[in-house]
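Below: one structure, written as structure tokens.
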Amino acid sequence: MDKLVKLVQRPAEKLGITADHFLHMFVSFMIAFVFGVVFSSSIWVLIGTMLIGVGKEIYDTKKEVPSGFDVNDLAFDSLGAVVGLLLSYLF
């Protein structure tokens, strides 16, 4: 996990956000983009992507060292999902 954080540290700093928020945005972007290209059903792609994000936050509250439910992470999930879906229309 440390290698992944180091990999995204520079782009996150350029955007002025934390590496964790960048990862949430990027993963949601990729999920929405791929499903948007494959299924081209915008509302279901957004719902599915956000359910994955909510599931991740619930998991964070249940793991051995809980980090809690972070609404800011969901905001970055939403941003990534919307941008990924919009770009999927180009393909």
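The values are calculated or read from the model by the stated rules, or taken from the named source; none is laboratory data. Note that the coordinates shown come from a computational prediction; the quantities given were computed from them, not determined experimentally. FYI the Cβ positions are ideal-geometry reconstructions off the backbone, even for glycines, and counts take in every protein chain you see. Side chains are part of the model used for accessible areas, which takes the heavy atoms of the whole protein and leaves out ligands, DNA and RNA. Shrake-Rupley method; radii C 1.70, N 1.55, O 1.52, S 1.80 Å.
With every protein chain left in place, what is the accessible area per residue of the chain in square angstrom, probe 1.4 Å? Walk me through the numbers on the way to the answer.
On the way: 6170 Å² over 91 residues.
With the other protein chains kept in place, the chain gives 68 Å² per residue.
Over all alpha-carbon pairs of segment 38-91, lay out the pair-distance distribution in 5 Å bins, whole %, shortest bin first.
Values per bin, smallest distances first: 4, 20, 25, 20, 13, 9, 6, 2, 0.
Report the local net charge at ASP73: Lys and Arg +1, Asp and Glu -1, summed over other residues whose C-beta lies under 12 Å from its C-beta.
Numbers: positive: LYS56; negative: ASP20, GLU57, ASP60, ASP70, ASP77.
Overall, the nearby charge balance is -4.
Of TYR89, LEU51, GLY16, which is farthest towards the positive pole of the chain's charge dipole, taken about the Cα centre with +1 and -1 on the beta-carbons of Lys, Arg and Asp, Glu respectively?
TYR89
Can you tell me the length gained on complete extension of the stretch ARG10 to ILE58, counting 0.36 nm per residue apart and subtracting the Cα distance?
Between ARG10 and ILE58, full extension yields 14.5 nm more.
For PHE91 paired with ASN72, estimate the spin-label separation in nm (one decimal), with each label point 7 Å from Cα along the Cα-to-Cβ line.
So the two model labels end up 3.1 nm from each other.
Given the chain, what count of lysine pairs have C-alpha atoms under 24 Å apart, with each pair 8 or more places apart or on different chains?
Final tally of qualifying lysine pairs is 6.
Regarding the chain, what is the average projected area of its C-alpha convex hull, in nm²? Before the final figure, lay out the partial values.
On the way: hull surface 24.8 nm².
Projected area, direction-averaged: 6.2 nm².
Please sort 47-53, 4-10 by packing, taking for each peptide the average over its residues of neighbouring beta carbons within 10 angstrom, highest first.
47-53, 4-10
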